[in-house]
1. Report the one residue of 51, 14, 159 whose Cα lies farthest in the direction of the positive end of the charge dipole of the chain (charges on C-beta: Lys and Arg +1, Asp and Glu -1; origin at the Cα centre).
2. What size of dipole, in debye to the nearest 20, comes out for the chain about its Cα centre when the only charges are +1 on Lys and Arg C-beta atoms and -1 on Asp and Glu C-beta atoms?
3. Rounded to the nearest 10 degrees, what's the angle between the helix 15-65 long axis and the longest principal axis of the chain, both from Cα atoms, 0 to 90?
4. Distance in nm between label sites at residue 154 and residue 35, each 7 Å beyond Cα in the beta-carbon direction?
5. Defining a contact as two alpha carbons under 8 Å apart and six or more residues distant in sequence, what relative contact order in percent does the chain show?
6. Could you pull the Cα extents of the stretch 60-139 along its three principal axes, largest to smallest, in whole Å?
7. What's the extension gain from residue 47 to residue 140 if we count 0.36 nm per residue and subtract their Cα-Cα distance?
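Just so it is clear, none of the values below were taken in a lab; they were calculated from the coordinates. Just so it is clear, the structure is predicted and the values come from calculations on it, not from any experiment. Reconstructed Cβ throughout: ideal geometry from the backbone, glycine too, with neighbour counts over all protein chains shown.
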Amino acid sequence: MRRTGPPSAERGFSLVEVLVAMIIVAVGLLGIAKMQALLLADSGISRVRALVALEAASLAASMHANEDYWASAPSGVSVTISPTSATPVSASGDANLTNGVNAALANPSLCDFTSTSSYCTAADMAGYDLVQWEEAMNSVLSGATSQISCQSANLQIFCTIDITWQETIANANSEEQGSAALQNQSYQLVVEP
């Protein structure tokens, strides 16, 4: 009897071929891991941006609800909201709004309607809404600053809500400097109360 070996076409893989295949698979898996990390970072950024938009819309709704003040606000009213400063909410351009903000800062339950002993004017309510909004905004995105300014044009009041914050942006490749960078972001909403 003659021994027959396997035909040459059925020999199998050499060790070098297996190692090359493993390197190719490893590089592909590393690329997939990098893409997944970037997607996770982008979803966090999208979440923050969506929350900022919702908070701005919340303030716009408060402005619409308090039409007695905002629809007749003097042109040039300006509110600065900076949670890191000694006075987180400051208003200028209208003494009534400034008094309302100061009263709401001094007495956080000024216009919360849990007690019937106090009376809120429209300016007091606007100040109360701004202070409450600053606290909500700071809980969503600490360190964000906001500017609300109202101007009159063609007998109508337009208020602009500008929100500015810093976010960490993950870089996609090694040619970009560093692995992450801080960028200033801003969101603007124009409201007609």
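1. 14
2. 1340 debye
3. Helix 15-65 and the main axis of the chain meet at about 10 degrees.
4. Modelled inter-label distance: 4.9 nm.
5. Computed over the chain, the figure is 21 percent.
6. Over the stretch 60-139, Cα extents along the principal axes are 33, 28, 23 Å.
7. Roughly 32.4 nm would be gained on extension.
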